[in-house]
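Quick notes on the structure that follows.
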């Protein structure tokens, strides 16, 4: 594992940002990019590309994830749990951050039983383990017990995990790191609370404007997949179309849907499918809707985070109600209820007014 001490994280807050993103955040016009031609961009694409505020707010949220990963890799805290809607880039942020640091990691993204979990941790006790969308594992009490042992030690950074099977006890010393991505928050109960207190719990809820600004700026780099490349103009056209269809069908935009639509267009232009790229994009948009969590408590946690983000953005009155309704489907009374639960009882004018 690459030592954090060999990396200068304090040289600038944008250490991990892609160079293109940094330039866009610092720029006000497309003229800041010499040598590039943007004469084919539509007014909608130009609006998406030139949205530095949305891009900066997205990067601020991503910066928090990257900082949390640094804490985990420094082994002061053993685990990180990142949760939020599907398709907004949680796993991408984690894996690209680890890759940029030269950190090797083990990726687990299929169903895992408690015995399999113990075996993985015992066989790779010094590594970073990344678990993607393994909500089924959280329903297994035995798996929680293994994770609880792997995430806590009273004396030093080495944790001892045990597994009892067929009258014998297997043990392993574990000093690696655990990073989880999920679509739902950790539920409130005594068993889960014991686990949640041993890791960083990070909610990640980028707004639709932030997702679109990110997608548009990624589109400026073009998209490559399996030896084929989609140029920036075509990528931006796909982003525009997905945004338009998402708005018309009242679906949420997601990075996953946009990237898959880019790949569908590559297949179409390579004559590998009889579906037009627009028809493929329509299918992906219909699949991209992310439902709110099913339990009332979980929904409330998500709504509180959304309300807090809108409040911090400075939106008030009808603008705030519309933004909250678009994200949650709830009326303005729910907006006030969630703020009240956060201790904000009289949301008035924006603080900078």
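Only the coordinates and a few stated rules stand behind these numbers; no lab work does. Small disclaimer: the values here were computed from a predicted structure and weren't measured. Note that we place each Cβ from the backbone using ideal geometry, even for glycine, and neighbour counts take in every protein chain shown.
Structure notes:
- Residues residue 166 and residue 99, FRET efficiency given R0 of 45 Å [Cβ-Cβ distance, rounded to 0.05]: 0.65
- In this rough spin-label picture, where each label sits 7 Å from Cα along the Cβ direction, the residue 345-residue 75 distance is 4.9 nm.
- Between residue 224 and residue 152, the simple spin-label model (points 7 angstrom out along Cα→Cβ) gives 4.7 nm.
- Cβ-to-Cβ counts within 10 Å put 177, 68, 124, 280 in ascending order as 124, 280, 68, 177, the fewest first.
- Annotation: the residues 333, 246, sorted from fewest to most other C-beta atoms within 10 Å of their own C-beta, follow the order 333, 246.
- Distance from the Cα centroid of segment 70-101 to that of segment 202-238 is 20 Å (rounded to whole angstrom).
- For residue 123 and residue 308, the FRET efficiency from 1/(1 + (r/R0)^6), where r spans their Cβ atoms and R0 equals 30 Å, is about 0.15.
- With each label modelled as a point 7 angstrom along the Cα→C-beta vector, the residue 110-residue 332 pair spans 5.2 nm.
- Here residue 273 and residue 60 are evaluated by their C-beta separation; at R0 = 35 Å the FRET efficiency comes out at 0.35.
- Listed from fewest to most Cβ neighbours within 10 Å, the set 262, 144 follows the order 144, 262.
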